[in-house]
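Written out below as structure tokens is the structure these notes cover.
The values are calculated or read from the model by the stated rules, or taken from the named source; none is laboratory data. No experiment lies behind these values; they were computed from the predicted model shown. Cβ placement follows ideal geometry from the backbone for every residue including glycine, while neighbour counts extend to all protein chains displayed.
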Amino acid sequence: MFFALWREGRIRQAVLSDINQELIDTYRALQQDVESVIRWLEQYPYSREFYYRLREQDPWTLPLAERAARMIYLNKTGYNGLYRVNKQGKFNVPFGRYKHPNYKDFTNLRAVARALQGVRLVCRSFEWVLEEAQAGDFVYFDPPYDPVSRTANFTQYHASGFSRTDQERLAEVFRLLARRGVFVMLSNADTPFIRSLYEGFSVLEVRAPRFINSNPKGRGMHPELLILGYSPTRVGLLLEAQEEYSKNR
């Protein structure tokens, strides 16, 4: 969402937050010294042996730029681009076996670095936004999705996971922001539980691509929800949001 809005020149001031410290540090490394990150990536060969050797490294012993390069490499060469950690917070995705993994897209990394200039990067849980968001601000939440089935229950982007209790806490933060006059938007799975949590808000049904599934037939376009804490004045705004969201997922 941020990068799509930045490309269109709609971003004047932004704060990006996530509870995953490695992700925020990767953004911070690109923001501060993208060329150092690129120099590390240039040295990395694409091989199964190197992948597992790099995966076994403790990222917190590495300098910032090297830690960012490690995360980018593992994300681009791991199975299906999945990011997953165990309960100890250790990345555990297997090797991906690509023909041409795109971990050396330096043009894109430099564009990301430009977009991040002047952006405030924060590593905190979602509740912190209540401390700062004011009426007229735009807030977008993209949490781990509510499982659509017993087998589709992946939420391990962080060692603590993301439970239905967390979903309920997030819905309360969403409501508080909406009452404050914040333009708040959230994406999630189209499940009865999520629909019940956000009953009374504007709900837009969209279809977005899914590339991670043990069964290849399960990949493709899947239904999702965009939930708005405000009422658009024109139907065209909803259609525009749907088009932008589907294009950039």
Yes or no: GLY96 out of contact with any strand residue (DSSP E or B) (no Cβ under 8 Å at 6 or more places or on another chain) and not polar (S, T, N, Q)?
no
Count - residues of segment 152-191 that are modelled with pLDDT of 90 or more and not acidic (Asp, Glu)
25
Being more than 22 Å from TYR98 (Cα to Cα) and either among the hydrophobic types (A, V, I, L, M, F, W, C) or touching a Gly at 6+ places or on another chain (Cβ under 6 Å) (or both) is the filter here; which residues of segment 38-69 pass it?
TRP60, LEU62, LEU64, ALA65
Of the candidates PHE106, PHE138, the one satisfying the condition of being touching a residue at least 24 places away in the same chain (Cβ under 8 Å) and not assigned by TED's automatic domain parsing to the domain that holds PHE193 is PHE106
Scan of segment 11-27 for residues that are in contact with a helix residue (DSSP H, G or I) (Cβ under 7 Å, 6 or more places away or on another chain) and assigned to a helix (DSSP H, G or I), ordered by number
GLU22, ASP25, THR26, TYR27
Within the group TYR98, TYR83, which residue is of a type in the set (Phe, Trp, Tyr), touching a residue at least 60 places away in the same chain (Cβ under 8 Å), more than 30 Å from GLY136 (Cα to Cα) and in contact with a helix residue (DSSP H, G or I) (Cβ under 7 Å, 6 or more places away or on another chain)?
TYR83
Right, PRO63: at pLDDT 95 or above and either under 24 Å from ALA4 (Cα atoms) or not charged (D, E, K, R) (or both) or not?
yes
Checked against (1) within 22 Å of LEU109 (Cα to Cα); (2) without any contact (Cβ under 8 Å) to a residue 40 or more places away in the chain, THR61 satisfies every condition except (1)
May I ask you to list the residues in segment 7-60 that are at pLDDT below 95 and either hydrophobic (A, V, I, L, M, F, W, C) or touching an Asp or Glu at 6+ places or on another chain (Cβ under 7 Å) (or both)?
ILE11, ILE19
Do we have any residue at all in segment 76-91 that's among the hydrophobic types (A, V, I, L, M, F, W, C) and at pLDDT 95 or above?
no
Looking at segment 100-111, is at least one residue at pLDDT below 95, hydroxyl-bearing (Ser, Thr, Tyr) and assigned to a loop (DSSP other than H, G, I, E, B)?
no
Which of the residues that make up segment 8-60 are within 13 Å of LEU116 (Cβ to Cβ) and of a type in the set (D, E, K, R)?
ASP25, ARG28, ASP33
Candidates ALA68, ALA135 - the one that is among the small types (Gly, Ala, Ser), more than 15 Å from the chain's Cα centre (by Cα) and crowded, with 16+ Cβ neighbours inside 10 Å:
ALA68
